Each structure stands twice: as structure tokens, then as C-alpha cells.
1. Within 12 Å, Cβ to Cβ, of residue 99, how many net charges do the neighbouring residues add up to if Lys/Arg are +1 and Asp/Glu are -1?
2. Hey, rough spin-label estimate for residue 23 and residue 162, points 7 angstrom out along Cα→Cβ, what's it come to in nanometres?
3. Treat the count of other C-beta atoms within 10 Å as a stand-in for reagent exposure and order 114, 162 from fewest to most.
4. For residue 173, what is the net charge nearby, where nearby means another residue's Cβ is under 15 Å from its Cβ and Lys, Arg count +1, Asp, Glu -1?
5. Within segment 90-139, report the trypsin sites (Lys or Arg not before Pro) that DSSP leaves as loop and that have at most 12 other Cβ atoms within 10 Å.
6. For residue 60 and residue 112 in one chain, what is 0.36 nm times their gap in residues minus the Cα-Cα distance, to one decimal in nm?
7. Taking the Cβ of residue 32 as the center, what net charge do the other residues with Cβ under 10 Å away carry, scoring Lys and Arg +1 and Asp and Glu -1?
Amino acid sequence: MSTIYANIIHFIERIFRQKFIWNIPNSLSLYSLLTFPIVLAFLLFGNERIFVILLVINLVTDVLDGLIARVFHQETEIGARLDTLADFGTYILAILGVFIFKWEDFRPFQVYFYFFLGLFLLPIFITLIKFGRTSSLHLYSNKIAGYIQGFFFFTLFVFGFYPWFFWIMLISGYIAFSEDTVIHLISREIKSNAKGLFCCCKF
């Protein structure tokens, strides 16, 4: 959590210290990031209905910011990092929501889910140790897995738990997080908007 807030403060400082590109993708990412503590508050107070509404809005903005940036060629370095932080914040909220509101559905699969979370956190720890900050690679595998996971969490909190969808989400995450981990292990410097392991020789 401290890493998230440290990065939030860093971005706020950059907004006031230098020119910040106020395009639609960056604004959506910033919205998602700044509403993190509000959504977290409803989560901790156990207000599932409001939490779900706000979480779904954040899930939608997390999809739209990257999509709009790619379609309209509005990708920027700070936008990539902002998008990564916004996605990470929404991800943390969804995971906490699982433990607080949906754990009975996940209990029979908890070993596989904990392994999923471990793989998710592993590349983050690697980049913090090697480079002192988190990365924003935006791999193809992470984008695909991210869409699947976002739709899974949307379905979970709005319609309910479907084991077959859970396994699809799980396997896509295993693949994406493993590729992310390998790339960070072999990379000599941190970069944004890489596409996959095939690009690692350019790092």
C-alpha cells in the first residue's frame, strides 16, 4: 500500500512541477487513481452495493484509458505509468473485495488463488529491488489477461461466481505474470510499453 501512495505523491508532484498532458486517457487513469481511497472506504465499512458500483466504474475506466490511448495515438511515458498505477489500485480493491465479500466462493480454490496472487506480486517486488520503482511494460499477455480479469471481477461482483470463468482468469494470469517475471529478471533497465518477451533484447 505504501508503494501505491508513494507513487501517487510522485505523480502529483510531477503534475505541478512540469507539464502534464491532460488528455482523456490520462484523465481517466487519474480519476481511477484518486478515487482509490473513496472506494476503499466503502469496502472497509462493508457497504458492498456502493463498493461494487464504484469498482465497476473503475474497471470500465481502466479498460477505456488504454484503449483510447492506443486507438487515438495518445500514449505517453507518464500516461503508461499512471495507467499501471490505476490498474494496480483497482486490482487491489477487487482482491480485497474478494476476501471481504466473496471468500466463501473462493475457499475451495484458495491454494490456486494464493498462487495467482503470488505470481502477480512477484514481478512488482523484482522491479522494486532492481530498479527502485514499479514498471509499466503493458505486455500483450498482460493486456489480454487484464481484460479477462476485469470482466471476471465485473461478473463476480454483479452476477456471481462461475468456476469455469475463474479457471480462465487464473490460467491467463499465470501466463501473463510469468512472462512479466522473466522479462524483469533478464532486463538491464526499466522501460514502458514493451510488447512481450520477444522485445527483451531491446531492454
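1. Numbers: positive: 102, 107; negative: 104, 105.
In short, 0.
2. The modelled label-to-label distance comes out at 3.4 nm.
3. Details: 114 11, 162 14.
Going from least to most buried by this count: 114, 162.
4. Numbers: positive: 143; negative: 87, 179, 180.
Taking every Cβ under 15 Å from that of residue 173, the sum is -2.
5. Taking segment 90-139 and a limit of 12 other Cβ atoms within 10 Å, no loop trypsin sites (Lys or Arg not before Pro) are found.
6. On the way: separation 52, 0.36 × 52 = 18.72 nm, distance 2.65 nm.
Stretched fully, the residue 60-residue 112 segment lengthens by 16.1 nm.
7. Values: positive: none; negative: 62, 65, 83, 87.
Net charge in that neighbourhood comes out at -4.
Bear in mind that the values in this text are calculations on the coordinates, not laboratory data. Not measured: the values here are computed from a predicted model. Note that each Cβ is placed from the backbone with ideal geometry, even for glycine, and that neighbours are counted across all protein chains shown.
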